[in-house]
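Asks: Before I ask anything, here is the structure I am working with.
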């Protein structure tokens, strides 16, 4: 569709609200109506007046919406800027919430859109672009709620082309893409999946040569020429373009202080922490083993995870469990069926809020019910306490049992610790091994 046809359709659906009384000129074909506007010279010269005519006279002439011949000169942009200034003043002068004020606000929006269009004319852009490991995809949204991560300006989706990185969700104008200096954070996550575990490791502005740690813009604590903002995750200082005062939970403060208060971080740290949120890279037993002595919820979660690992062999050899896909109950936390000592930052956040304890207890109950009540095959794999030879069938994940570390036999906890002899199953296995040794030696001698 040509520019003029698109412009005509735009006018048809967005009639100018400021000339409602004007007659409409019908084009050939009867599809599009154009509103004739008159530009009064009093807009930019002459005494200021407060009559009702001024509301309709803000320089939004028809030629502002026509396709330019060649490129716009500076005077066109200056006229629009003057009209925007007049519009702002008039909005303040008019009665609040009045119809005239609302019409003027709408007109101000039209003027600003047109000004932005002159600065950033529409171009044919590719749908995919790759820059510094970013994989940019062209957006079709017309929302104006987005902000360019490069220039910090609003993205006017109605008239501007913009892109989003499918890896780290970096957003920017099409015109800003060639100015990008930040590589994609997802590549850093792939190559370096570990956190900074020191609390705000500050090195000082002098070590940074009084420049932004990312874009090297001169900064200072006094805000001259640009305000220095510290990132609580890296401890370094950034300019206002690279640090928007976003907040995030810092892993080091969680692990060492069990503190979940969001702290101010730079844009790159914000994206990195968001992408790392669900990755199980925290081995608490090595980083801070004392944390289990002070956080009761961690001890409870650890016991549930150990039980689930003991249930896993039952499901892997049970046809019904495989068909029911019971282990997929933990598909969002696959590391729970692989080990019991690795945690993600999201795990710790959910433990603090109590959500993980509730969900994991429910899954634990479903697993135990299948093994002990629903499935005969799994029930047949239970144990009888060989020390007292009494009681119900025992399973290694029962709370009142103990498991032999050598042969994995299951006993009542009280029987196991009160028994002064060795494990009966271990004793039988040792005796059987001794009985088999003479036969093995005789076979070797015959060879």
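Throughout, read-outs are computed from the coordinates displayed, never taken from laboratory work. This is a predicted model, so every value here is computed, not measured. In this analysis, Cβ positions are derived from the backbone assuming ideal geometry, glycine residues included, and neighbour counts consider all displayed protein chains.
Asks: In nm, give the distance between the simple-model label positions of residue 405 and residue 93, each being 7 Å from the Cα along the Cα-to-Cβ direction.
Replies: Those two pseudo-labels are separated by 8.9 nm.
Asks: Right, something else. I need the peptides 337-347, 277-287 ranked by packing, meaning the mean over residues of other C-beta atoms within 10 angstrom, with the highest value on top. Before the final figure, lay out each step's value.
Replies: Values: 337-347: 18.2, 277-287: 15.4.
Per-residue mean Cβ counts within 10 Å order the peptides as 337-347, 277-287.
Asks: Something else about it: Subtract the Cα-Cα distance of residue 283 and residue 414 from 0.36 nm times their separation in residues, and report this length gain in nm to one decimal.
Replies: Working it through step by step, the gained length comes to 43.9 nm.
Asks: Per residue, what volume in Å³ does the convex hull of the Cα atoms of the stretch 241-399 enclose?
Replies: On the way: hull volume 20.7 nm³, N = 159.
It comes to 130 Å³ per residue, whole-number rounded.
Asks: For residue 112 paired with residue 300, estimate the spin-label separation in nm (one decimal), with each label point 7 Å from Cα along the Cα-to-Cβ line.
Replies: 5.0 nm
Asks: Expressed in nm to one decimal, what extension gain is obtained for the pair residue 129 and residue 373 from 0.36 nm per residue of sequence separation less their Cα-Cα distance?
Replies: Numbers: separation 244, 0.36 × 244 = 87.84 nm, distance 5.64 nm.
So the chain would gain 82.2 nm between residue 129 and residue 373.
Asks: Once you put a point 7 Å from the Cα of residue 434 and another 7 Å from the Cα of residue 323, both along the Cβ direction, what distance in nm separates them?
Replies: The two pseudo-label positions are separated by 4.8 nm.
Asks: Kindly put 194, 297, 96, 86 in sequence by how many other C-beta atoms sit within 10 Å of each C-beta, fewest to most. Please list the in-between numbers first.
Replies: Details: 194 11, 297 17, 96 7, 86 20.
Least to most surrounded, the residues fall as 96, 194, 297, 86.
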